[in-house]
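A short write-up of the structure that comes next.
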Amino acid sequence: QNALVNSARGCAATAASVSTSVETMIALATVASYGPSTAPLAINHQGPFVVTTFSFNLAKGVSLGQATAAIGKKMAAIDVPTSIQGSFAGTAKAFTDSVNSQPTLILAALLTIYIVLGMLYESYIHPLTILSTLPSAGVGAVLALFLFGVEFSLIAMIGVILLIGIVKKNAIMMIDFAIQAERQEGLSPRDAIYKACLLRFRPIMMTSFAAILGALPLAFGFGTGAELRQPLGIAIVGGLLVSQILTLYTTPVIYLYLDSWRRRRKAAWDRFYARAMGDAPPPAAAG
């Protein structure tokens, strides 16, 4: 009730009004207006902020990466005020998160492989020879996706991660045999890697073609969900084909080069230790 009514010094107003501190009645129309208008049915919030969602579909032949890049370019071109912030949601957000995390995932996988191989072979050099086969696999996967016009999606990224495990087994077969031949048979590095290439050629080809033939149904299959599986199969097949052709020639060369570098480093370490310590035998340098 109005304060004027409660004080019993007058009667209640018959029209809408407000009271000031001195209880002078003022018509509401003096300070406000009302009437029919439109208003949103709901106001969406994300945390404490009011948000508006814009949805979009991809045109034929346009990838999600191209769409997100175009949106970011347009946001920068229209000079959005600092009080307005834009971010992706849904599939676009998952795509941008995967793109941002891809370098970290690949680096973590390579570092893990290097540590494990270093402990197995007790060497800092031989894991680098094995890891040298991975760039050709990545180039083959990207080239295959480009030739077939397939987007480098999260599924294709999974295919590249699988390639890291499949491709390096070619080098492991050769390097492991060559190291054993050097240690047990006393062969030179050149003779050891040559013998390894001859004796390991058949199992390398068998395992590679088995993996390629197993991935072909993913690459060329059709039906419900085929578009989700195709990037995985294409990346595996392309990466295996290119790496299979290149690594049979490059792995022995890199093995000999790194072994020669390791021997030169060991000789330099022996000379330095001899000058520093006199006639004391030098400790073995890490391989």
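Of the chymotrypsin sites (Phe, Trp or Tyr not before Pro) found in segment 201-242, those in coil by DSSP whose Cβ has at most 12 other Cβ atoms within 10 Å are Phe222.
Taking all pairs of different Cα atoms in segment 41-99, averaging 1/r and flipping that mean, what Kirkwood radius in angstroms comes out? 13.2 Å is the Kirkwood radius here. Against the longest alpha carbon principal axis of the chain, how many degrees, from 0 to 90 and to the nearest 10, is the axis of helix 134-147 turned? Once rounded, the angle reads 50 degrees.
Where the accessible area of segment 39-170 is counted over protein heavy atoms with a 1.4 Å probe, how much of it, in %, is carbon and sulfur? The nonpolar share, carbon plus sulfur, comes to 68 percent. Express in nm, to one decimal, how much length is gained between Ser83 and Ile115 on full extension, taking 0.36 nm for each residue of separation and deducting their alpha carbon distance. Working it through step by step, the gained length comes to 6.8 nm. With the convex hull drawn around the C-alpha atoms of segment 181-244, the volume per residue stands at 88 Å³. Principal-axis analysis of the Cα atoms of the chain puts helix 226-277 at an angle of about 60° to the longest axis.
For the chain, the longest principal axis of the alpha carbon atoms and the long axis of helix 64-77 meet at an angle near 50°.
Just so you know, the Rg over Rh for the chain is 1.37, from Cα atoms, with Rh as the Kirkwood radius. The count of lysine pairs in segment 39-190 that are at least 8 places apart or cross chains, and whose C-alpha atoms lie under 27 Å apart, stands at 5. What the chain shows is 67 Å² of accessible area per residue, with the surface traced by a 1.4 Å probe over protein heavy atoms. Each listed q (0.11, 0.12, 0.14 Å⁻¹) maps to a log10 I(q)/I(0) for segment 92-241 from the Debye sum over equal C-alpha point scatterers, namely -0.50, -0.58, -0.75. Maximal additional length on extending the Ala226-Tyr194 stretch stands at 7.2 nm, based on 0.36 nm per residue less the C-alpha distance.
The values are calculated or read from the model by the stated rules, or taken from the named source; none is laboratory data. These numbers come from a predicted model, not from an experiment. Virtual Cβ from ideal backbone geometry, glycine too; neighbours counted across all protein chains shown. Remember, those area values only see protein heavy atoms, side chains included, never the ligands or the DNA or RNA. Shrake-Rupley method; radii C 1.70, N 1.55, O 1.52, S 1.80 Å.
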